[in-house]
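Step one of this worksheet: look at the structure below.
The numbers here are math on the coordinates, done by the rules we state, and not lab data. All values derive from a computational prediction rather than experimental measurement. Here the Cβ is made from the backbone with ideal geometry for all residues, glycine too, and neighbour counts use every protein chain on show.
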Amino acid sequence: MFSQGVYSVLLLVLSNVFMTFAWYGHLKMREEFSWFASLPLIGVIAFSWAIAFFEYCLQVPANRIGFRESGGPFDLMQLKVIQEVITLMVFTVFSIVAFKVELKWNHLAAFVCLCLAVYFVFRK
C-alpha cells in the first residue's frame, strides 16, 4: 500500500487545487458568470473562504501524516518545500488552462530553481 509520504503528497496536491481555485478562481469566474461579477468584494471573499475550508481539510492532515514527529517521513522544512513546489505546479497548470498563460523561459527557470530547492532540502 501507499506510504505516509505518498498520502501526504497526494493530499497536498488536492489541497493546492482547492487553494488555487480559492485564491485565483474568482478572477476567472467574474469573466464567466455575470452574477459572480456583480458580487461585492465581501461576497467574493466569503466564496473563497468556503473553498479554502476544503483546502484546510486536506492540508492539515497532509502535514500531520507527512510530519516526521507524527510518524511521517518529512521534517518541517521538507514539508514546506514540497508544498511550495506542488503549489507552483498546480498554479502553472491552472494558469495555462484557465487563463491561457504562455510559459516563458523565465517561468521555467524559476521552476528549475524550486526543484533545486527540493534537492537541497532533502540533501543530508
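Look at Phe36 and say whether it is free of Cβ contacts under 8 Å to residues at least 24 places away in the same chain and over 21 Å from Val13 (Cα atoms). Considered against the rule, which asks whether it is free of Cβ contacts under 8 Å to residues at least 24 places away in the same chain and over 21 Å from Val13 (Cα atoms), Phe36 comes out as yes.
When we screen Leu41, Leu10, Leu103, Leu27 for residues that are under 30 Å from Lys124 (Cβ atoms) and not charged (D, E, K, R), the only hit is Leu10. Within segment 42-73, the set of residues being in contact with a strand residue (DSSP E or B) (Cβ under 9 Å, 6 or more places away or on another chain) and of a type in the set (A, V, I, L, M, F, W, C) comprises Phe67 only. Any chance segment 76-86 includes a residue that's assigned to a loop (DSSP other than H, G, I, E, B) and in contact with a strand residue (DSSP E or B) (Cβ under 9 Å, 6 or more places away or on another chain)? Checked segment 76-86: no residue is assigned to a loop (DSSP other than H, G, I, E, B) and in contact with a strand residue (DSSP E or B) (Cβ under 9 Å, 6 or more places away or on another chain).
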